1. What about residue 43, is it among the acidic types (Asp, Glu), modelled with pLDDT of 95 or more and in contact with a helix residue (DSSP H, G or I) (Cβ under 6 Å, 6 or more places away or on another chain)?
2. Is at least one residue of the range 234-243 within 24 Å of the chain's Cα centre (by Cα), buried (at least 16 other Cβ atoms within 10 Å of the Cβ) and in a helix (DSSP H, G or I)?
3. For residues in the range 15-62 being among the basic types (Lys, Arg) and outside any helix (DSSP H, G or I), which is surrounded by the fewest Cβ atoms within 10 Å (Cβ to Cβ)?
4. Pick from 197, 144: which is open to solvent by less than 30 Å² (accessible area, probe 1.4 Å), touching a Gly at 6+ places or on another chain (Cβ under 8 Å) and of a type in the set (Val, Ile, Thr)?
5. Select from the range 73-102 the residues that are of a type in the set (A, V, I, L, M) and open to solvent by less than 40 Å² (accessible area, probe 1.4 Å) and write down the one among them that is nearest to the chain's Cα centre (by Cα).
6. In the range 192-225, how many are more than 25 Å from the chain's Cα centre (by Cα) and touching a residue at least 40 places away in the same chain (Cβ under 8 Å)?
7. Anything in the range 162-176 that is assigned to a helix (DSSP H, G or I), surrounded by fewer than 21 Cβ atoms within 10 Å (Cβ to Cβ) and within 23 Å of the chain's Cα centre (by Cα)? List them, or say none.
8. Which residues, taken from the range 73-92, are in contact with a helix residue (DSSP H, G or I) (Cβ under 7 Å, 6 or more places away or on another chain), under 23 Å from residue 123 (Cβ atoms) and not hydrophobic (A, V, I, L, M, F, W, C)?
Amino acid sequence: QWAYTSLGLFYELDQKPKEAIDTYQTLLKVNPDNAQVYLALGELYYNQKDNTKALEAFQNYAGLKPDDLTVYDYIGLCYFRMDQYPKAVEAFQKLLEKQPANALVRYRLAAAYEQMKDYSDAESQLKSILDNDDKSVDAWVRLVLLYDKQKDDAKVAKTLASGLKVNPNHPDLLLLQAMMDHEKNDAPAAEAGYRRVIDIEQAYKGKSSPDYNSGTLAQAYFNLGVLMDKAGRFNDAIDQMKRVLQI
């Protein structure tokens, strides 16, 4: 068994998933109760986006290792990929019962609830994250977008303001504010917002800061280009789009 396990691991490290899967499947014929092999198989199938086989392997692991609830994160993700959102919620909730402070699982739950159009429970999960960490920019952004999807302009404005109060210079929230101004056809405010995001991100880039996000910078340039194009400032718009392509 040790030889099969080592060979399977070697194939994984050598980025040969098919050979690794074949090796682990052979090992299971020798020892069908080897939980770690099911876990390894599940991860291989998951990475190949074979969700049905991944789910079966993870469930086999869960049956052999009922105390290790971390596998329910993978089980939930498999169900999520298969658009079986109620089952995804059930799996994530099982893990959350043991790890109530696990923000990542709450994000996954919020996403599953949102797909089910259960906006109230999605909101509750995101607010729970913010209760534990009010500087969680991702939670603020997702909460704003959740309210925006529901066309609740009052909550959008209030939540975005709250997020900016605790994260006043965060580019992602500033970009979201500029996009909201853009949507309201407030061109001066939108342009000022996009330029502020660009300035902050360029400063981060110049310092090789871990806070630098090329995606946020590219989006700000792109949106600014769209704004200029609409205003008939075509040469300026082209300049912004060229910057997007450079990124």
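The values are calculated or read from the model by the stated rules, or taken from the named source; none is laboratory data. These numbers come from a predicted model, not from an experiment. Please note: Cβ atoms are built from the backbone with ideal geometry, for glycine as well, and neighbour counts cover all protein chains shown. Remember, those area values only see protein heavy atoms, side chains included, never the ligands or the DNA or RNA. Shrake-Rupley method; radii C 1.70, N 1.55, O 1.52, S 1.80 Å.
1. Working: among the acidic types (Asp, Glu): yes; modelled with pLDDT of 95 or more: yes; in contact with a helix residue (DSSP H, G or I) (Cβ under 6 Å, 6 or more places away or on another chain): no.
The answer is no for residue 43.
2. Start the filter on the range 234-243 by keeping residues that are within 24 Å of the chain's Cα centre (by Cα), which leaves none.
No, the conditions are met nowhere in the range 234-243.
3. Of all residues in the range 15-62, those among the basic types (Lys, Arg) come to 16, 18, 29, 49, 53.
From the residues that got through so far, the ones that are outside any helix (DSSP H, G or I) too are 16, 49.
Numbers: 16: 14, 49: 8.
If we take residues in the range 15-62 being among the basic types (Lys, Arg) and outside any helix (DSSP H, G or I), then 49 is surrounded by the fewest Cβ atoms within 10 Å (Cβ to Cβ).
4. Working: 197 fails: touching a Gly at 6+ places or on another chain (Cβ under 8 Å).
It is 144.
5. First, pick out the residues of the range 73-102 that are of a type in the set (A, V, I, L, M): 75, 77, 82, 88-89, 91, 95-96, 101.
Next, from what is left, pick out any that are open to solvent by less than 40 Å² (accessible area, probe 1.4 Å): 75, 77, 88-89, 91, 95-96.
Details: 75: 17, 77: 12, 88: 16, 89: 16, 91: 18, 95: 18, 96: 18 Å.
Checking each candidate, the answer is 77.
6. Summing the residues that are more than 25 Å from the chain's Cα centre (by Cα) and touching a residue at least 40 places away in the same chain (Cβ under 8 Å) in the range 192-225 gives 0.
7. Pass one, the range 162-176, residues assigned to a helix (DSSP H, G or I): 162-166, 171-176.
Subsequent filtering for residues that are surrounded by fewer than 21 Cβ atoms within 10 Å (Cβ to Cβ) retains 162, 164-166, 172.
Passing the criteria: 162, 164, 166, 172.
8. Matches in the range 73-92: 73, 76, 79, 85, 87.
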